[in-house]
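Read-outs throughout are calculated quantities, based only on the coordinates presented, and are distinct from any laboratory measurement. This structure is a prediction, so every number in the text was calculated from the model and none was measured. Positions of Cβ are backbone-derived with ideal geometry, glycine not excepted, and every protein chain shown enters the neighbour counts.
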Ligand SMILES: *[C@@H]1O[C@H](CO)[C@@H](O)[C@H](O)[C@H]1NC(C)=O
Ligand SMILES: *[C@@H]1O[C@H](CO)[C@@H](O)[C@H](O)[C@H]1NC(C)=O
């Protein structure tokens, strides 16, 4: 009897495990987008590798576009030390080539592989809202969780559940705020502005896992109202502490790069 129960329990847990994996599987949420021969998806869809060499990088994109949500991925950037390689996880309004005043992005971009991560918000075609950070861990050593919350109230960047940046909806003060449907994308590529690539270290491989997230399709209401609508004191304290100790660039800190929202975001 005990053995029979044990066997049944094993079956149930294997089944539940498969369900959980399937819920978070790459194929459920994403399709490869470019550099198709530089993308490896493991058979269960639980881990994806994007490879960058001198011939190409690679990227993937969500099947759907969304109007709000708490977007989530676990990521490990390339181990090999170099500048010039940019590893990204971001929201982008689609299609890419659109009429003026219509492009929005909410970005995580690892600049090279030394651990500096840049965040940015593109509003109506206009970026230059960079805030960069040195993380409290080595992002090429282990997987860590990177999230973007986007709802009608605010955008929040979170690393391992710690809010590191907030961009509020200050439409009422005449400040633009992303409103177009967005895809979520991840990629590895090389950019001149990110420094020189040491190709002797190539190939560079970025790893992604845990693909599930909670988001609403465009025009389907604001489904992420329950997450981080209001920070508690502990979250506020952690964010302020991290920004004080680890922000290495802030467009709001210089009059020449500052923008109107800088007066409202904190
Ligand atoms: C990492 O590289 C970037 C781009 O070259 C540079 O701006 C940044 O200061 C470097 N960070 C560290 C911690 O060395
Ligand atoms: C931003 O807030 C305004 C209210 O101030 C609201 O009407 C608008 O829908 C919000 N924008 C988005 C994209 O949710």
- The residues 64, 50, sorted from fewest to most surrounding Cβ atoms within 10 Å, come out as 64, 50
- Item | Percent RCO, i.e. relative contact order, over the chain, from Cα pairs under 8 Å lying at least 6 residues apart | 27
- Query: Looking only at 178, 163, 203, which one moves most when the chain is put into a Gaussian network model with springs between Cα atoms under 10 Å?
  - Reply: 203
- Note on the structure: In nm, the gap between the two label points placed 7 Å beyond Cα toward Cβ at residue 219 and residue 54 is 4.9
- Value of [θ]222 nm, deg cm²/dmol, for the chain, DSSP H segments ≥ 4, -39500 (n - 2.57) each, nearest 500: -5000 deg cm²/dmol
- Once the mean of 1/r over all distinct C-alpha pairs in the chain is inverted, the Kirkwood radius in Å reads 19.6
- The orientation-averaged projected area of the Cα convex hull of the range 40-124, in nm², is 7.2
- Task: Note the per residue figure in Å³ for the convex hull of the C-alpha positions in the range 150-209.
- Result: 167
- Query: From Cα coordinates alone, what are the radius of gyration and Dmax values for the range 146-266 in angstrom?
  - Reply: 17.2, 51
- May I ask you to list the residues of the range 154-187 whose amide nitrogen lies under 19 Å from a point 7 Å from Cα along the Cα→beta-carbon direction of residue 262? 165-171, 173-177
- Item | Cα coordinate range in the range 121-177, projected on the principal axes (Å, largest first) | 42, 21, 14
- Item | Cα→Cβ-extended label distance, 7 Å offset, between residue 252 and residue 234, nm | 2.4
